[in-house]
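Here, each number is a calculation from the coordinates, and none is a lab measurement. This is a predicted model, so every value here is computed, not measured. Note that each Cβ is placed from the backbone with ideal geometry, even for glycine, and that neighbours are counted across all protein chains shown.
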Amino acid sequence: MNVRYYEIPEERNLRVLDSVVRQYTEQAKPVSSAAVARDLGHIWSSATVRNVFSELEILGWLHQPHQASGRIPTELGFRIFVEQVIRPGAQHRELDKLLEAELDLKTSSLPEVLDEALNLVSRLSHALGISLVVLNPEPSQSVRECRMTGVDELLEQPEFSDPESLRGLIHLLQDSDPVGEYMEGQVAYPGQVKVLIGSENSMDLLNSFSLVATRIRRSRETALLGVMGPVRMEYSLVLGAMEGLTRLLSTDGESPKSWS
């Protein structure tokens, strides 16, 4: 007997998680079973989706903030979404075309291209772009420069209406160098894309944020690119942008193969 993909429990769980993550990322509010059923074309009833919600709460993927509310993803739920739902290289061709069209790759210096790239990604994802450029890889001669862009975009996120979250962001903005050094320690080799979600960050000031970072090598220059935002980050877009930027900006053929 043929079994349809949506009758397989593991696939069903991922489909429901995907729907909740996408809707919560867009709307920043709990997602109801009716909204998931509608989003998935009513392949399951709201009652069936509620049963899946209960399973995903037991697995630790979803959380119900209030008794009468819908569900929101947990940090583990976002981690499962990043590792098992998003696929490297998928759905990102249009984003690659946009990056190529917007960036002046031939005449701009690496720091200038990074500023352009991170401004674009910040506008699209409403997150903070971070770059750390090492202009010469020799330790005795290196010039290091850490920059941030997209503060206004990040402040538009509802998470920062909370004074505690806003205070943490202000601390980060006052001195960007520790964040640059932290990214440098997290991304071991060119082409790697690292995803750190909330409390996965070992830097205390980043516990309320998610960070996606990659390392690029271009001739004798190296750079680290990071995008930092709420845990409710648009991971598919940001990961696609990081993949595209790694391919476009690396001059030695580096290409991201996966993320972790």
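Any idea what the alpha-carbon Rg over 2.2 N^0.38 Å comes to for the chain?
On the way: Rg = 19.5 Å, N = 260, 2.2 N^0.38 = 18.2 Å.
Against the empirical 2.2 N^0.38 Å value, I get 1.07 for the chain.
Could you please rank LYS29, LYS106, placing first whichever residue has the fewest other Cβ atoms within 10 Å of its Cβ? All intermediate terms of the calculation are to be shown ahead of the outcome.
Numbers: LYS29 13, LYS106 6.
Least to most surrounded, the residues fall as LYS106, LYS29.
Tell me the trypsin sites (Lys or Arg not before Pro) within region 147-253 that lie in a loop according to DSSP and have at most 14 other beta-carbon atoms within 10 Å.
Working: sites: ARG147, ARG167, LYS194, ARG215, ARG217, ARG218, ARG220, ARG232, ARG247; in loops: ARG220, ARG232.
Taking region 147-253 and a limit of 14 other Cβ atoms within 10 Å, the loop trypsin sites (Lys or Arg not before Pro) found are ARG220.
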Exercise. On a 0 to 90 degree scale, rounded to 10, what angle separates helix 235-249 from the longest Cα axis of the chain?
Worked result: 30
Problem set entry | With Cα atoms, 0 to 90° folded angle of helix 93-102 axis to the chain main axis | 30
Seminar exercise, completed: A correct Karplus calculation of ³J(HN,Hα) over region 207-218, with 6.51 cos²θ - 1.76 cosθ + 1.60, θ = phi - 60°, whole Hz and x for Gly and Pro, returns 4, 9, 10, 10, 10, 10, 9, 9, 10, 10, 10, 9
Seminar exercise, completed: Whole-Hz Karplus couplings 3J(HN,Hα) for region 46-56, θ = phi - 60° and coefficients 6.51, -1.76, 1.60, Gly and Pro as x, run 4, 5, 5, 4, 4, 5, 5, 3, 4, 4, 6
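Please give the peptides 46-55, 173-182 ranked by average Cβ packing (other Cβ atoms within 10 Å per residue), highest first, as a rough proxy for protection. Walk me through the intermediate numbers first.
Values: 46-55: 16.8, 173-182: 15.3.
Listed from highest to lowest mean packing, they are 46-55, 173-182.
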Problem set entry | Inter-label distance, nm, simple model (7 Å from Cα along the C-beta direction), ARG123/ARG167 | 3.5
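Take each of the peptides 76-84, 150-158, average the number of other beta-carbon atoms within 10 Å over its residues, and list them starting from the highest.
Numbers: 76-84: 19.0, 150-158: 15.8.
Descending packing order for the listed peptides: 76-84, 150-158.
Which of the three applies to region 5-85, rounded, prolate or oblate, going by the alpha-carbon gyration tensor with a ≥ b ≥ c and a/c under 1.5 meaning rounded? All intermediate terms of the calculation are to be shown ahead of the outcome.
On the way: a/c = 1.33, a/b = 1.07, b/c = 1.24.
It is rounded, given that a/c, with a ≥ b ≥ c, falls under 1.5.
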Seminar exercise, completed: For the chain, the dipole about the Cα centre with charges only on Cβ (Lys and Arg +1, Asp and Glu -1), to the nearest 20 debye, works out at 760
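Over the chain, what is the relative contact order in percent, taking alpha-carbon pairs closer than 8 angstrom and at least six residues apart? Mind dumping the intermediate values first?
Working: 411 pairs, mean separation 45.5, N = 260.
RCO, the chain: 17 percent.
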Exercise. If one takes the longest principal axis of the Cα atoms in the chain, at what angle in degrees, from 0 to 90 and to the nearest 10, does the Cα axis of helix 163-174 lie?
Worked result: 20
Problem set entry | Net charge, ASP18 excluded, C-beta distance under 12 Å - Lys, Arg +1, Asp, Glu -1 | +2
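Sort region 167-206 into rounded, prolate or oblate with this rule: let a ≥ b ≥ c be the square roots of the eigenvalues of the Cα gyration tensor; rounded if a/c is under 1.5, and if a/c is not under 1.5, prolate when a/b is larger than b/c, oblate otherwise.
oblate
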